[in-house]
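> This is the structure, below, for whatever I ask next.
The values are calculated or read from the model by the stated rules, or taken from the named source; none is laboratory data. For clarity, every value in this text was computed on a predicted model and none was experimentally measured. Ideal geometry is used to build each Cβ from the backbone, glycine not excepted, and the neighbour counts take in all protein chains shown. Accessible surface is based on the protein model in full, side chains and every heavy atom, while ligands, DNA and RNA are left aside. Shrake-Rupley method; radii C 1.70, N 1.55, O 1.52, S 1.80 Å.
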Amino acid sequence: MPSRPNVLFMIADDHRWDAIAGMGDPTVKTPTMDSLMARGTNFRQTHIMGSLSGAVCVPSRAAVLTSASLFRSGANQINRDYAVWPQVMRQAGYHTFFSGKWHNDRQTFADSFDDAAKIFFGGMGNQYKVPVFDFDPTGKYPKDARYIGDKFSSTLFTDSAVQFIENYDQTDPFFLYLSFTSPHDPRTPPGEYATMYKPEDVPVPENFLPEHPFDNGEMRIRDEMLAEFPRTPEIVQQHIADYYGMITSQDAEMGRVIQTLEEKGHLDNTIVIYTADHGLAVGQHGLFGKQNLYSHSIRVPSIFAGPGIPEGVTVDALTYLYDVFPTVCDLTEVDCPDTTEGCSLVPLMEGCVDKVRTTVFAAYKDIHRAISDGRWKLIRYYVSKETGKGTDYIQLFDLEQDPWETTNLADLPEHADRIRSLAADMEMWQTETDDFMKGTPILPM
């Protein structure tokens with residue numbers, strides 16, 4: 001058995017932070033995720049920094065790989081001024097393996113992995129007919145080598161991960177990167193999961209609205225066209241039922257991977273991480289997509305379990321998705337590159353500190369900016385210079401009293417100083433991250 005722990009990193013697509021039974025959702029069934037939470041540390045306030053395009057998954061995954069902020073990590077092409085996480089693990093002696101969705105550039109992929117299987121170089125599509133490649137050590141991946149997978153996406157990718165674990169006989173530790181397309185649409189859960197959740201039994205979200213109350217500048221993007229206007233409770237219930245079916249199906253596949261680790265004697269020496277590239281509205285605030293900065297879209301699951309990780313711990317400190325890279329370096333005693341901008345979360349796990357940052361910042365295109373200190377959250381909306389769409393508007397939410405973000409307090413005079421303070425924090429973030437919108441007034445003129 002290798003002296004250093006193995007790493008299993010699992011990332012989903014579109015999984016909202018609280019759509020897990022162990023997080024308090026009374027409807028969805030997620031026994032594997034729940035068990036990971038019970039034997040590990042759960043970070044409840046993990047955010048993404050947003051996106052500069054409608055394909056939010058691309059920059060989020062770039063941030064995972066580089067531990068760099070939104071405006072520097074790169075999107076379609078990874079910023080090679082930054083060290084790349086699986087490459088760092090590979091150089092440190094880890095055998096790196098990948099299966100699933102890779103939505104970043106192929107050169108970074110080729111430089112990152114010793115082996116792979118069922119590689120999907122794309123964003124979304126038919127969950128039963130995923131176009132995939134086998135591993136190509138030359139890194140070329142010609143089109144004529146692509147073929148259609150013969151199973152549902154989560155099963156297809158998981159089979160490859162299971163086979164890798166079953167056959168692994170090297171003395172070096174492994175780094176297994178398993179990337180699901182689930183629960184992204186088309187939400188077509190397989191087999192029994194297609195009918196597991198009856199729409200009429202699914203609660204309508206407390207912040208349900210028939211339509212978003214103002215033009216947020218992205219009212220008719222693809223994700224928003226997945227359901228009719230105005231939204232109805234019945235439409236939302238059906239979409240959430242399908243969403244939950246996808247999540248529970250994926251949870252079962254995750255269980256297969258963990259069971260295989262246990263059967264092969266690796267589980268006690270493997271750090272297991274589960275997260276997602278972003279969340280999803282699925283009917284909240286009259287929205288269906290992730291092209292917004294409400295909590296349902298910018299907060300993601302973040303669960304760590306395994307050697308050196310405290311069991312049954314929940315952390316409410318503000319964290320980022322891009323903290324995973326330096327955290328794993330810390331846990332595996334791999335030298336963390338000085339290009340990483342995230343924070344190791346080990347001190348939070350161990351209770352040595354109560355925070356690693358005081359605020360989190362997020363952005364979407366040139367129309368949304370947000371800042372939160374954990375309790376108070378300011379969202380600034382702009383009219384897009386590019387499209388002319390959007391609204392000059394501010395929202396202020398008290399997340400402690402109003403976690404569903406339904407009551408805008410921005411117009412109340414007693415909050416004027418708080419808004420100015422949050423705006424000042426936002427300006428600092430914009431300067432620190434090289435936001436192209438820095439200098440644009442945050443408070444409406």
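> For residue 107 and residue 316 in one chain, what is 0.36 nm times their gap in residues minus the Cα-Cα distance, to one decimal in nm?
Using 0.36 nm per residue and subtracting the Cα-Cα distance, I get 71.6 nm.
> Another question, if that's okay. Averaging the inverse of every distinct alpha carbon separation and then flipping it gives the Kirkwood radius. What is it for the range 175-268, in angstrom units?
15.7 Å
> May I pose another question? Percent relative contact order of the chain, based on C-alpha pairs within less than 8 angstrom and at least six residues apart?
23 percent
> Given the Cα-Cα distance of residue 268 and residue 354 and 0.36 nm per residue of separation, how much length would full extension add, in nm?
Result: 28.2 nm gained on full extension.
> Quick one: if the Förster radius is 30 Å, what FRET efficiency do residue 147 and residue 436 give, using the C-beta to C-beta distance and rounding to 0.05?
Plugging the Cβ-Cβ distance into 1/(1 + (r/R0)^6) gives 0.15.
> Have a look at 180, 229, 325 and tell me which one the Gaussian network model of the chain (Cα, springs below 10 Å) gives the largest fluctuation.
Looking only at 180, 229, 325, the biggest GNM fluctuation is shown by 229.
> To the nearest 10 degrees, how steep is helix 153-167 against the longest Cα principal axis of the chain, on a 0 to 90 scale?
40 degrees
> Using a Förster distance of 25 Å, how high is the FRET efficiency between residue 87 and residue 171, based on the Cβ-Cβ distance and rounded to 0.05?
0.75
> Also, I was wondering about something else. So how far, in whole Å, is the C-alpha centre of the range 31-68 from the one of the range 100-132?
18 Å
> Still on this structure: Within the set of other residues whose C-beta is less than 10 Å from the C-beta of residue 316, count the net charge using Lys and Arg as +1 and Asp and Glu as -1.
Neighbourhood net charge equals +1.
> What's the local net charge at residue 93, with K and R +1, D and E -1, over the other residues with C-beta under 10 Å away?
+1
> Another question about this same structure. Give the carbon-plus-sulfur fraction of the accessible surface of the chain in %, rounded to a whole number; probe 1.4 Å, heavy atoms of protein chains only.
With neighbouring chains kept in place, the figure for the chain is 49 percent.
> Follow-up question, since we're still on this one. FRET efficiency for residue 229 and residue 407, Cβ-Cβ distance as r, R0 = 25 Å, nearest 0.05?
0.55
> Just to be sure I understand, if you calculate Cα extents along the principal axes in Å for this structure, which of (i) 57, 42, 35; (ii) 65, 48, 44; (iii) 72, 58, 41 do you get?
(ii)
> Grab the other residues whose beta carbon is less than 9 angstrom from that of residue 18, score K and R as +1, D and E as -1, and report the net.
Combined, the nearby Lys, Arg, Asp and Glu give +2.
> Could you pull out every one of the aspartates and glutamates with an alpha carbon less than 18 Å from that of residue 264, ignoring same-chain neighbours closer than 8 positions?
List returned: 159, 166, 169, 172, 253.
> For residue 290, list the aspartates and glutamates whose Cα falls under 13 Å from its own Cα; do not include residues on the same chain fewer than 8 positions away.
Cross-link targets: 13, 14, 185, 218, 223, 224, 277.
> Report, in deg cm²/dmol and to the nearest 500, the calculated mean residue ellipticity at 222 nm for the chain, where each DSSP H run with n ≥ 4 adds -39500 (n - 2.57) and the sum is divided by the residue count.
Value at 222 nm, helices only, nearest 500: -7500 deg cm²/dmol.
> Next question, about the same structure. Considering only protein heavy atoms, what per residue accessible area in square angstrom results for the chain with a 1.4 angstrom probe?
38 Å²
> Shape call for the range 90-157 from the C-alpha gyration tensor, a ≥ b ≥ c root eigenvalues: rounded (a/c under 1.5), prolate (a/b greater than b/c) or oblate?
prolate
> Where a Cα-Cα gap under 22 Å defines reach, which lysines qualify for residue 355, not counting those fewer than 8 residues away within the same chain?
Counting by Cα, and skipping residues close in sequence, residue 355 has these lysines nearby: 377.
> Calculate, in nm to one decimal, what residue 220 and residue 385 gain on full extension: separation in residues at 0.36 nm each, minus their alpha carbon distance.
That works out to 57.7 nm of additional length.
> Here's something else I'd like to know. Pairs 101/140; 140/365; 129/198: which exceed 21 Å Cα-Cα?
Listed pairs above 21 Å: 140/365; 129/198.
> Another question, then. Using packing as a proxy for protection, rank 287-300, 142-155, 361-374 so that the peptide with the highest average count of other Cβ atoms within 10 Å comes first.
In decreasing order of mean packing, 287-300, 142-155, 361-374 become 287-300, 361-374, 142-155.
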